[in-house]
Amino acid sequence: MSKYSEMSKKYNLHSWSAQRNLNPSVISKAEGICFWDEDGNKYYDMSSQLVNSNLGHGNKALVEAIKTQADKIPFIGPGYAIDVRSEAAKKLIEFAGPAFEGGKIFFTNAGAESNENALKMCKAFTGRWKFLSMYRSYHGATFGASELTGEPRRFIAEPGVPGFYHFDGPYPYRAPAQVAFKDEADITAYYLDILESRIVDEGSHLIAGIFVETVVGSNGVLVPPKGYLPGVRALCDKYGILLVCDEVMAGFYRTGTKFAFHQFDIKPDIVTFAKGSTCGYVPLGGVIVKKEIADFYDDNKMFNGLTYSAHPMGCACAIAAIDEYERLDIASNVAKLGKVLSELLSAIERKHPSVGQSRSIGLFAQVELVKSKETKEPLDAATMAKIMGMLKKEGFASYNNESGIMVAPPLIITEEELRTAIDIFDRVLDSVDTMI
């Protein structure tokens, strides 16, 4: 173990891991879509770190924006108005589109904080106290965000804040064996029925908000079937519930549009964001609220506050990031290479017995590994750990959640780079096929 790896183990606690057997790689360089360890090994960053390095590593415009702001005013409290704070908010409201005309932003530092503050806003605006979210979802690791989360990472926070309830969102690949879908409309109707039953059972008059990852991220890159999100919007309208779209991972062109909700013909009441707003160069997140909620706070005190809300260097970086998305025409690159990625992963699904299903939208994909295509039995944790090690050894860096492997490269990736990285994935899966 190298000096800095050993030092990291001695002094740092690493996320989501038992610490004893960790051997963290020491990274010495990062550029474009790749990074290198101290031994010179090159890795394709096929998860954009934690699906946040949308503009890749070493973007000069983002770095210069941070430097310039650090020289000018590195920090001033959130109660003051300064140029970058005002300009970033204006840009992001415009970025969110017509649904948020007249709306406002409360800035945070990360996705979990964004969802925490959205919870409080929902409660204040509606006077209600219950929340619904999907079982296969991740909304953050703080207490309220953990309660929103619908997968095992929430367990450590339980019993927690009261009022959080979950429902089954669309995941037709793992629907009950007794359920047969005729078509996509059938899938939509089935899962909307589940949601409405949950709303009624929990008391619609008590529910403040329904939180959805517009496209479920780490829990499968589950793209909602046609009509599902408009159906959720209709149920929210029917019962006076706020619709909150968690775009922490799916936002900022990851799925091909500025925000993912732009593809699904809906107008959320609230959007939470973080990762792609600064691509990880500095921490920043936020809550975008529609005009009616913004107006509510004209005469009602907002009980939300953070020392580092709208941090100047974060705001400066967000302005630069939005400009870079436009300058580099990221939307066109995602449109073009999203099709290439979908085709490559579809071929991999057909070829490999170990691949149960691949799912993608834009440059946002997940490949689900199974012991058998017929039984759909997922691979166990030990086998998945071995596979992730095999991929990393070959230069394909990503992460998995259960038996799903994330494929979400920086949005600046070229077709040549994408094909090279997927070739690595394909070769490793040849070996995985012999393991199942």
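Where a number appears in this text, it was derived from the coordinates with a stated rule and is not lab data. Quick caveat: nothing in here was measured; it's all calculated off a predicted structure. Note that we place each Cβ from the backbone using ideal geometry, even for glycine, and neighbour counts take in every protein chain shown.
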### Message
If I stretch the segment between Lys226 and Lys376 completely, what's the gain in nm (0.36 nm per residue apart, minus their alpha carbon distance), one decimal?
### Response
51.6 nm
### Message
For segment 335-431, which GluC sites (Glu not before Pro) pass both filters: DSSP loop (anything but H, G, I, E, B) and at most 12 other C-beta atoms within 10 Å?
### Response
Glu374
### Query
Given Ile27, Gly220, Val287, which one lies farthest toward the positive end of the charge dipole of the chain, if we put +1 on the Cβ of every Lys and Arg and -1 on the Cβ of every Asp and Glu?
Ile27
### Task
For segment 1-78, state which chymotrypsin sites (Phe, Trp or Tyr not before Pro) are in a DSSP loop and have at most 14 other beta carbons lying within 10 Å of their beta carbon.
Trp16, Phe75
### Task
Count charges around Ala274 for me, please; just the other residues with Cβ under 13 Å from its Cβ, Lys/Arg as +1, Asp/Glu as -1.
-3
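What number comes out for the charge environment of Gly338, summing +1 per Lys or Arg and -1 per Asp or Glu over other residues with Cβ under 12 Å away?
So the environment of Gly338 carries a net charge of +1.
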### Task
Treat the count of other C-beta atoms within 10 Å as a stand-in for reagent exposure and order Thr142, Thr108, Thr257 from fewest to most.
Thr142, Thr257, Thr108
### Query
Can you give the longest stretch of the chain with no exposed loop site, where a site means trypsin sites (Lys or Arg not before Pro) in a DSSP loop (not H, G, I, E or B) with at most 12 other C-beta atoms within 10 Å?
21-181
### Query
Kirkwood Rh over Cα pairs of segment 276-368 into Stokes-Einstein at 25 °C, 0.890 mPa s: D in µm²/s?
145
#### Entry: Packing-based exposure ordering (other Cβ within 10 Å, fewest first) of Val179, Val221
Val179, Val221
### Summary
Exposure proxy check on Val212, Val355: fewest-to-most Cβ neighbours within 10 Å is Val355, Val212
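Once every DSSP H run of n ≥ 4 in the chain is given -39500 (n - 2.57) and the sum is divided by its residues, what mean residue ellipticity at 222 nm do you get, rounded to the nearest 500 deg cm²/dmol?
Working: 13 runs with 172 residues, N = 436.
Mean residue ellipticity at 222 nm (helix-derived): -12500 deg cm²/dmol.
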### Query
Which value, in debye to the nearest 20, describes the size of the charge dipole of the chain about its Cα centre when Lys and Arg Cβ atoms bear +1, Asp and Glu Cβ atoms bear -1, and nothing else is charged?
560
### Task
Express in whole angstrom the spacing between the alpha-carbon centres of segment 302-362 and segment 238-274.
14
### Task
Rounded, prolate or oblate: pick one for the chain, where a ≥ b ≥ c are the square roots of the eigenvalues of its C-alpha gyration tensor, a/c under 1.5 means rounded, and failing that, prolate if a/b is larger than b/c, else oblate.
oblate
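Students often get this wrong, so check it: of Lys90/Lys258; Lys123/Lys238; Lys258/Lys290; Lys29/Lys351; Lys42/Lys351, which have C-alpha atoms separated by over 23 Å?
Exceeds cut-off: Lys29/Lys351; Lys42/Lys351.
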### Task
For every other residue with a beta carbon closer than 10 angstrom to the beta carbon of Ala110, add +1 if it is Lys or Arg and -1 if Asp or Glu, then tell me the sum.
-1
## Note on the structure
Of all chymotrypsin sites (Phe, Trp or Tyr not before Pro) in segment 99-148, the ones in DSSP coil with at most 15 other Cβ atoms within 10 Å are Trp129, Tyr135
### Query
Taking R0 as 35 Å, what's the FRET efficiency between Asn23 and Arg327 from their Cβ-Cβ distance, rounded to 0.05?
0.30
### Message
Among DSSP bridges having both ends in the chain, what percentage is antiparallel? Round to the nearest 5.
### Response
65
